[in-house]
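Comments concern the structure below.
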Amino acid sequence: MGSPTVLIVDDEPDLVELVKLTLERMNLATASAGDLATARRLLGERRFDLCLADMRLPDGDGLDLVAWIQQQQPQLPVAVITAHGNVETAVRALKAGAFDFVSKPLDLGVLRRLVSVAIRLGADDAGETTRLGPQLLGGSSAMEALRAMIARVARSQAPVHISGESGTGKELVARLIHGSGARREGPFIAVNCGAIPTELMESELFGYKRGSFTGAVSDKQGLVQSAEGGTLFLDEVADLPLHMQVKLLRVIQEKTVRPVGEQREQPIDVRVLSATHKDLAALVQAGKFREDLYYRINVIDIHVPPLREHAEDIPDLAAALLRRLRRRLGSEAPSLGPDALEALQGYAFPGNVRELENILERALTLCTGDVIGVADLQLRTPPPGGATETDAASIVKAAAAGATGSDLGDQLEHIERDAILKALEQTRYNKTAAARLLGITFRALRYKVKKLGIE
């Protein structure tokens with residue numbers, strides 16, 4: 001087979017020579033082209049495992065070559081060389097299909113890591129890929145489209161933003177992107193941005209040096225550095241405070257991180273995936289999320305559909321969840337009756353797949369026979385105004401508007417309980433974040449949780 005071969009497309013002889021020497025020390029063969037025409041001719045004559053292309057060439061734009069390769073040889077990874085700090089150009093290249101980018105002046109360590117990942121990706125395409133980890137269940141057209149999108153973005157190193165309602169499986173999508181790509185042998189570090197106290201966020205994400213503050217008795221590696229060589233998944237990224245958004249932007253743009261108390265920045269090699277159930281574009285308009293960071297993390301957007309939009313997958317999902325719950329219980333559990341399955345398919349699932357799992361777990365506990373019936377499911381009555389409501393506070397307002405008569409106290413308690421459960425589900429049972437969502441203090445939420453028996 002011989003050594004993997006890299007095509008270098010650049011009109012600067014000194015830079016070409018530097019890249020050639022670096023790659024040859026990695027036991028890679030190289031070829032070079034000084035313009036687009038020569039590059040296209042070489043790509044038509046020989047097989048390459050990677051293409052490195054400058055964005056400014058004598059006879060055109062590097063983006064033209066990216067688009068040409070995507071059309072003619074989509075299996076070939078292409079990385080672009082951009083001017084220092086030219087973020088807009090890098091984002092355009094990634095959107096056009098570039099695998100990754102590296103900035104001038106070249107950092108040879110960054111270049112070597114980029115090339116190593118690209119060569120592994122080429123080996124995967126040759127038939128060495130193995131499917132690892134969890135699977136995306138469901139045969140609906142929505143799930144098929146989602147699987148296809150995951151397969152496409154797994155080949156890239158571009159930042160991906162995963163949007164969708166709470167409970168739809170955004171972290172599962174992130175894990176599948178990681179597990180299907182060239183970084184799958186590296187770590188997958190998931191960070192819930194809404195669960196870290198603001199005052200600890202910088203030291204938790206970036207680490208710190210010994211003596212940088214009271215209590216820092218030794219060096220500590222941050223979560224970003226822990227993802228070295230792998231994937232960093234920033235869940236609920238909309239909850240990042242503005243000062244941390246600035247620091248994250250620099251991490252993504254410069255591929256460096258500076259621990260608290262450290263004078264120099266350290267290079268990092270991580271792919272950044274992010275997710276939130278909130279509308280980031282609306283937050284940008286409201287001045288609550290930085291526009292530059294929004295465009296940087298949202299290079300590729302994947303939307304995970306709510307369960308109500310692919311209800312035909314509920315039988316498969318329910319069967320898989322019941323099998324998992326049976327294994328956890330270690331015994332034969334009741335099966336799902338046809339009337340119960342019909343009720344589930346007609347339910348709106350405001351909490352999506354996570355709510356389906358909670359309903360089935362509760363039903364297994366309550367069921368006394370061999371078959372789970374509708375009564376065992378205890379499906380919630382959707383609040384007035386639609387079952388798709390995601391704001392827990394608006395659930396309270398809408399439901400309270402319909403509460404009349406002598407049972408007002410019971411209805412209000414039921415409304416309050418539903419709103420708290422909804423907020424806890426949205427925040428993955430983080431009480432501090434749930435209290436913020438409900439617009440009450442943490443102490444008030446803790447009191448209500450205890451009063452209503454929600455544990």
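The values are calculated or read from the model by the stated rules, or taken from the named source; none is laboratory data. Nothing here was measured: the structure is a model prediction, and the numbers come from that model. Here the Cβ is made from the backbone with ideal geometry for all residues, glycine too, and neighbour counts use every protein chain on show. For the accessible areas, the whole protein counts, side chains as well, though only heavy atoms, and no ligand, DNA or RNA atoms are used. Shrake-Rupley method; radii C 1.70, N 1.55, O 1.52, S 1.80 Å.
Assorted remarks:
- Of all residues making up the stretch 1-29, the number that are open to solvent by 30 Å² or more (accessible area, probe 1.4 Å) and outside any loop (DSSP other than H, G, I, E, B): 8
- Which numbered condition ILE252 fails, given (1) in contact (Cβ under 8 Å) with a residue 60 or more places away in the chain; (2) out of contact with any strand residue (DSSP E or B) (no Cβ under 7 Å at 6 or more places or on another chain); (3) more than 30 Å from ARG308 (Cβ to Cβ): (2)
- Filtering VAL284, VAL272 for residues that are within 28 Å of PHE206 (Cβ to Cβ) and part of a helix (DSSP H, G or I) leaves a single hit, VAL284.
So that you can scan it fast, the table gives a plain yes or no per residue for (1) over 25 Å from ARG152 (Cβ atoms); (2) among the aliphatic types (A, V, I, L, M):
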residue	(1), (2)
SER3	yes, no
PRO13	yes, no
LEU28	yes, yes
ALA96	no, yes
PRO105	yes, no
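- Selection status of ALA118, modelled with pLDDT under 90 and closer than 22 Å to ASP54 by Cβ: yes
- Filter result (of a type in the set (D, E, K, R), open to solvent by 30 Å² or more (accessible area, probe 1.4 Å) and within 11 Å of GLU165 (Cβ to Cβ)) within the stretch 343-357: ARG354
- The single condition among (1) at pLDDT below 75; (2) open to solvent by 50 Å² or more (accessible area, probe 1.4 Å); (3) out of contact with any Ser or Thr (no Cβ under 8 Å at 6 or more places or on another chain) that THR390 does not satisfy is (3).
- Pair list, Cβ under 9 Å, 6 or more apart: the stretch 420-441 residue surrounded by fewer than 17 Cβ atoms within 10 Å (Cβ to Cβ), other residue in a loop (DSSP other than H, G, I, E, B): THR432/GLY194; THR432/ALA195; THR432/PRO197
- Looking at ALA320, ALA340, just one residue is crowded, with 20+ Cβ neighbours inside 10 Å and farther than 30 Å from LEU94 by Cα, and that residue is ALA340.
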